[in-house]
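Worksheet for the structure shown next.
The values are calculated or read from the model by the stated rules, or taken from the named source; none is laboratory data. Not measured: the values here are computed from a predicted model. Don't worry about glycine lacking a Cβ; one is built from the backbone with ideal geometry, like all the others, and counts go over all protein chains shown.
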Amino acid sequence: MPQSSAGRTRPELLDVAPGALDPKRRGRPNRLSTAVSEELLRRIISGEYPIGTLLPPEPQLVAEFDVSRPVAREAVKFLEAAGLVSIRQGEGTVVRESSRWNFLEPSVLRIALALNVGKRIRADAVQLRLDLDLSLLAEAAPLLIEDDYVEMEAHLHTMDTEKSFSRLQAADLAFHRVYQSRAGNQLTEGIVHLLVDEMPPPNRVIANPRDSYDHANRQHWAIYEALRAGRAEDALTTLREHISQMWTWREETPPA
């Protein structure tokens, strides 16, 4: 049985969009084992099951989640593969230290970011995304072709007029992915996509998408125009400002 977590301070959801932990929110497969593993992930990452404690035994998981033994076993195997637990013969399933967790596993990263585990993982993720995205833009700047600029401009016009958060977000991601893809660095690009895909959007952006994108798209246009004019350093400076300002969970709105 897991030890009591009474008295532990659990990470809070700081200005995270409702449903950030819901796998169905992003079209993830609604498999029973996925639902069980993600709930167990949440309990481990939040500290409800502290490091070194035992997960409930398989019969208890079967009863609690109303699933079959193979489903419960598959869910625990997923946790083991992601580095969150160690299955010890004769002892049970033990929660491992966070340094062993695989944060490149999308579910682990998404829940850790939503809970802001350790109170700095979001800031670290933003800094990593910033560093990697800047490197991609620097690589891509001299390689961009006319078709790239045409595609970027189309996404900019969409962000100038759309009101739907989902469409604005899609156009935003597509704009950045033009130069990310042109850089040709697939590993860096893949990590950036993972960070972007799993980061929960701030509530203020969802609540007022048009206001947020009025500001954000001025920065997008500035990046585009600097690249068009061959001013790569200006584009990099604006991209740095854009990511630093928009990827924040503060209550205040971005500067006008």
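For the stretch 136-149, the count of residues that are over 12 Å from residue 246 (Cβ atoms) and of a type in the set (Ser, Thr, Tyr) is at least one. The single condition among (1) in contact with a helix residue (DSSP H, G or I) (Cβ under 6 Å, 6 or more places away or on another chain); (2) at pLDDT below 90 that residue 208 does not satisfy is (1).
Taking the condition hydroxyl-bearing (Ser, Thr, Tyr) and outside any helix (DSSP H, G or I), does residue 99 pass? So residue 99 fails the test.
So, restricting to helices (runs of 4 or more DSSP H) that lie completely within the stretch 150-256, which ones have at least 2 residues that are in contact (Cβ under 8 Å) with a residue 24 or more places away in the chain and more than 30 Å from residue 38 (Cα to Cα)?
Hits in the stretch 150-256: 165-183, 209-228, 232-246.
Each residue in the stretch 88-144 was checked for being farther than 17 Å from residue 50 by Cα, aliphatic (A, V, I, L, M) and out of contact with any helix residue (DSSP H, G or I) (no Cβ under 8 Å at 6 or more places or on another chain), and 2 of them qualify.
Exactly one residue out of 35, 20 is under 27 Å from residue 165 (Cα atoms), modelled with pLDDT of 50 or more and hydrophobic (A, V, I, L, M, F, W, C), and it is 35. Look at residue 131 and say whether it is at pLDDT below 95, of a type in the set (Asp, Glu) and either assigned by TED's automatic domain parsing to the domain that holds residue 176 or under 30 Å from residue 246 (Cα atoms) (or both). Spelling it out, it is not the case that residue 131 is at pLDDT below 95, of a type in the set (Asp, Glu) and either assigned by TED's automatic domain parsing to the domain that holds residue 176 or under 30 Å from residue 246 (Cα atoms) (or both). With respect to the conditions (1) closer than 22 Å to residue 187 by Cβ; (2) modelled with pLDDT of 95 or more; (3) not assigned by TED's automatic domain parsing to the domain that holds residue 58, residue 101 lacks only one, and its number is (3). Residues of the stretch 36-66 that are of a type in the set (Ser, Thr, Tyr) and closer than 23 Å to residue 106 by Cα: 37, 46, 49. Within the option set 114, 138, being modelled with pLDDT under 95 and not acidic (Asp, Glu) holds for one residue only, 114.
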